[in-house]
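Here's the structure we're looking at; comments come further down.
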Amino acid sequence: MALFLLYESASGYALFEAHGFDEIGQNTEAVRNSVSDLNRFGKVVQLRSFNPFTSALDALKQCNAVSEGLLTDELRAVLETNLPRVKEGKKAKFSLGVSDPKIGSQISELTKIPCQSNEFVSELLRGVRLHFDTFVGDLKSGDLEKAQLGLGHSYSRAKVKFNVNRVDNMVIQAIFLLDTLDKDINSFSMRVREWYSWHFPELVKIVNDNYLYAKVAKFIEDKAKLAEDKIPALTDIVGDEDKAKEIVEAAKASMGQDLSPVDLINVQQFAQRVMDLSEYRKNLYDYLVAKMNDIAPNLASLIGEVVGARLISHAGSLTNLAKCPSSTLQILGAEKALFRALKTRGNTPKYGLIFHSSFIGRASAKNKGRMARYLANKCSIASRIDCFSERGTTVFGEKLREQVEERLDFYDKGVAPRKNIDVMQSAIESAENKDAEMEIETPAEVSGKKSKKKKQKSAAAEGDDMAVDKPTEVTNGDAVEDHKSEKKKKKKEKRKLEEEMEHHDQAEEDGANGVASEQDGTVKKKKNKKEKTGEVLEAAAETKKKKKKSKKDTE
């Protein structure tokens, strides 16, 4: 049976044909020895075709497809044109050797070409890689190395840039650092207690908190200098006046040894370092809470930010956690106990990392396993919503948390919980309402700003004649439209009043002649004939009255 080899280089796809298996035999050791010798290897393996890539972008596309085990149209065309055709219903008289079993299975499924990937094929491809520049004569020296370097850089850059889980990395690193800081602060605090206890051993029994102990030790420094005038400052640190007085009294009758100033300085510096680490731990926790609310809000509201971050970290990413079934999520973190139980045929663990949730602790001993199974189910739903939803919302997480609370009440008191379909329906409705409110609020704010600017301009133009009310806050789209229509009506009424006043003034000026003429350079709207004739008659009557009065005065 003939054997063809597919070699994916940085320059293009190459097909090789292998001959003379009888001489070498399908022995990997013999092939390994013949690879280094080009004369022997060149007789066995010969180049059948070489199809270079059209551009660097095309090379990156083909490289991504091969790494994911996908058959591209270009690779399919190369195989179908250069390999013998396989007739339907008949067995192929050749096979194709590939380096990756994934791409081999894809090729065999789509093109019906039999593929094999084993150690023998790998050794042959190693020889092809070693002598590839001699097989392809058109390649100049250094071309292949440049192509490999450029493709490697672009492939790595694309993987880093388009990493789907890159946002989860921040949460994973933060929770790792948080756990490390907890261990370090605990060990450092114990070291501070042990170190300062040589000087003031009674302080350990009075102050139990590690952070508070380091703060008090830094404040006291030398116990011999501790007097009653420092009680108010101690009260501010400890938070209890009685405890501050107790510390002062214990310092007077302390059994500890005196320390030199250099030793005290070192103790104070170490205590300050422990305090700084504790402050940084608080800031890191706030950062983790903020990132979890952005990345997985539903999972955080259901099980808490720290436990949710530990689940994401253990799974590797939020996408991997969403792919896990609830049974896997339930025992996530207890893999050693699971495999030990399977090996010894013992009882498998009921919970892993989700044991740190408050729900498991509140459940009774006999219901802890049921509660863990139910909580893992809800966590699986929440992680999938967070991973694949377009908009982040905490509605589903809050509803799922209510369901877990109801299940706890059902186990303890027997109160029947709501059905899952009803809870999810209400969650979907509330999420849609929130989205609608967000969509309404954003254009309303913009329109409110525009109306403010328009009203300010109109108030400045009118002066003291027109009184303009201050714009009110608008929250609905209908209210915005009503507000605009009212403004338009006011403007129209104002224009009508101005035009009537202008016409009335013209009638008074030209009333003696009985003609109302239009002024030059101004464009005015025409009135109806009835209105014009009425105005002319009124003006004529007024002029007649004036003439009669003037005649009487002359007489």
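The values are calculated or read from the model by the stated rules, or taken from the named source; none is laboratory data. What you are looking at is a predicted structure, and each value in this text was computed from that prediction instead of being measured. Every residue, glycine as well, gets a Cβ built from its backbone with ideal geometry; the counts of neighbours run over all protein chains shown. Ligands, DNA and RNA are excluded from the accessible area calculation, which covers all protein heavy atoms including side chains. Shrake-Rupley method; radii C 1.70, N 1.55, O 1.52, S 1.80 Å.
Observations on the model:
- For segment 244-351, the solvent-accessible area with a 1.4 angstrom probe is 54 square angstrom per residue.
- The amide H of Lys350, built 1.01 Å from its N in the peptide plane, has no neighbour under 5 Å, considering only residues 5 or more places off or on other chains.
- Residues whose placed amide H lies under 5 Å from that of Gly97, excluding near-sequence neighbours: Phe4, Leu5, Leu6, Gln116
- Three semi-axes of the equivalent ellipsoid, segment 382-427, Cα gyration tensor, whole Å, largest first: 24, 10, 7
- Backbone HN-Hα couplings from phi across segment 92-108 [Karplus 6.51/-1.76/1.60, Hz, Gly and Pro as x]: 6, 9, 8, 9, 10, x, 10, 7, 10, x, 5, 5, x, 5, 5, 5, 5
- Computed from phi, the 3J(HN,Hα) profile of segment 305-314 under the Karplus parametrisation 6.51, -1.76, 1.60 (θ = phi - 60°) reads 5, 5, 5, x, 5, 5, 5, 5, 5, 5 Hz, with x in place of Gly and Pro.
- Element breakdown for segment 238-379 at a 1.4 angstrom probe: carbon and sulfur atoms account for 51% of the accessible area.
- Label zone at Arg191, where the point sits 7 Å out along the Cα-to-Cβ direction: segment 255-275 residues whose backbone N lies under 20 Å: 260, 262-275
- Taking segment 127-279 and dividing mean pair separation by its residue count, relative contact order in percent (alpha carbons under 8 Å, at least six apart): 26 percent
- What the Cβ-Cβ distance of Thr348 and Asp412 gives, at R0 = 35 Å and to the nearest 0.05, is a FRET efficiency of 0.85.
- Amide H partners (placed H, <5 Å) of Phe53, local residues excluded: Gly12, Tyr13
- Relative contact order of segment 244-352, pairs being alpha-carbon contacts under 8 Å that are 6 or more residues apart, as %: 12 percent
- What segment 1-124 shows is 55 Å² of accessible area per residue, with the surface traced by a 1.4 Å probe over protein heavy atoms.
- Working note: Karplus 6.51/-1.76/1.60 with θ = phi - 60° gives segment 50-63 the couplings 9, 10, x, 6, 6, 7, 5, 5, 5, 4, 5, 5, 5, 5 Hz, where Gly and Pro are set to x.
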